[in-house]
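The values are calculated or read from the model by the stated rules, or taken from the named source; none is laboratory data. Please read these numbers as outputs of a predicted model, since none were measured by experiment. Cβ atoms come from the backbone with ideal geometry, glycine included; neighbour counts cover every protein chain shown.
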Amino acid sequence: MKERLCLKAAVSAALIASLAGCANSGSETQEQGWAPDTTYKLTILHTNDHHGRFWHNRYGEYGMAARKTLIDDLRTEAQAEGSEVLLLSGGDINTGVPESDLLQAEPDFKGMTRIGYDAMAIGNHEFDNPLSVLEQQMQWTDFPMLSANIYDKETGERKFQAYQMFERNGLKIAVVGLTTEDTAKIGNPEYIGSLDFRDPKAEAKKVIAKLKETEKPDIIIAATHMGHYADGKSGVNAPGDVALARYMDDGDLDLIIGGHSQEPVCMEEPNTYNESFEPGDACTPDQQNGAWIMQAMNGVNTLVRRSLNSRMAI
Ligand SMILES: [Zn+2]
């Protein structure tokens, strides 16, 4: 049984998670940061699969300036409602547009910093360049790039930061990063030869068990780049977010913010996509084994442009 906090996910609009925590457990202790019978508001904004689109295109689509305007507005809106914002990315910032590729995504990572991202999952395309480039990109950001399941073959240690703790509205929030095992197959062997991409499900379980002992988070979020496959049917792909949620112990994971498959994770009914979903429509995220699963379609920026009208999807 979950004893931390129960989340009433009032998902008010596509891919914006508005989570009101109802702290009403009878077993709370002083260690918990939250008080019983109190509602806490937390707004989670997320993007994924940016793929180099820092600049708008000739049709006026995409662009980080528009994204910043939208996110600034949403922050103001959240603040007015007594909520606080956590801004996450499901990864794959690199590769897709020559202007970005030639600059090794410097404008993209610096733009994300200006927009105020709190953390991101490391995606498979973060390994399209030598590791020295990824290290440089980490210097361009002031937020952590997370992955708990990538190990250095030589040292046997994790190569990257596994998680980051946040405090929002008095809640302790853990964000754990995970990267698809398929990176080992689809990444450039020249650059990833020294890395071991382990099972993200097992690594998540390990990290979360430890976090519950050490950090005692009220909310646990996985920022993943693993893909979402309805009913966990990932086909030739490595297992994705649904498999992750089902693998976890009950109540260990509250929310998965994903990327990679670039699907709008909007469900018609359990395990079935809403095939007619269009950006701007109401979106019911997936829910598996007590965890909400969300992802923002194919390149956030397409949705940002539409969102400027609908104010719904990021
Ligand atoms: Zn990917």
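Observations
- Residue selected from the stretch 217-239 under the condition of a type in the set (Val, Ile, Thr) and crowded, with 24+ Cβ neighbours inside 10 Å, by the criterion farthest from the ligand (Cβ to nearest atom): ILE219
- Given (1) modelled with pLDDT of 95 or more; (2) over 25 Å from GLN164 (Cα atoms); (3) touching a strand residue (DSSP E or B) at 6+ places or on another chain (Cβ under 6 Å), index of the condition ASN237 fails: (3)
- Matching option when the condition is within 16 Å of the ligand (Cβ to nearest atom) and either at pLDDT 85 or above or closer than 28 Å to TYR59 by Cβ (or both), among VAL242, VAL300, VAL304: VAL300
- Among the residues making up the stretch 129-163, those that are in a strand (DSSP E or B) and either crowded, with 19+ Cβ neighbours inside 10 Å or touching a Ser or Thr at 6+ places or on another chain (Cβ under 6 Å) (or both) are MET145, LEU146, ILE150, TYR151, TYR163.
- Of ILE192, ILE256, all but one fail to be β-branched (Val, Ile, Thr), surrounded by 23 or more Cβ atoms within 10 Å (Cβ to Cβ) and touching a residue at least 24 places away in the same chain (Cβ under 8 Å); the exception is ILE256.
- Enumeration of residues in the stretch 65-91 that are surrounded by 23 or more Cβ atoms within 10 Å (Cβ to Cβ) and part of a loop (DSSP other than H, G, I, E, B): GLY90, GLY91
- For the stretch 89-112, residues that are among the charged types (D, E, K, R) and either more than 16 Å from the ligand (Cβ to nearest atom) or closer than 19 Å to GLY193 by Cα (or both) total 3.
- When the stretch 245-256 is filtered for residues that are more than 16 Å from the ligand (Cβ to nearest atom) and either within 19 Å of the chain's Cα centre (by Cα) or hydroxyl-bearing (Ser, Thr, Tyr) (or both), the ones remaining, listed by number, are ALA245, ARG246, TYR247, MET248, GLY251, ASP252, LEU253, ASP254, LEU255.
- Taking the stretch 32-64 as the range and being surrounded by fewer than 14 Cβ atoms within 10 Å (Cβ to Cβ) and hydrophobic (A, V, I, L, M, F, W, C) as the test, only ALA35 passes.
- Failed item in (1) within 20 Å of MET112 (Cα to Cα); (2) modelled with pLDDT of 95 or more; (3) over 16 Å from the mean Cα position of the chain (by Cα), with ALA223 passing the rest: (3)
- For the stretch 113-169, the candidate set comprises residues that are among the polar types (S, T, N, Q) and touching a helix residue (DSSP H, G or I) at 6+ places or on another chain (Cβ under 6 Å); within that set, the residue that is farthest from the ligand (Cβ to nearest atom) is THR141.
- Where HIS50 falls short, out of the listed (1) closer than 24 Å to GLN136 by Cβ; (2) more than 16 Å from the ligand (Cβ to nearest atom); (3) not acidic (Asp, Glu): (2)
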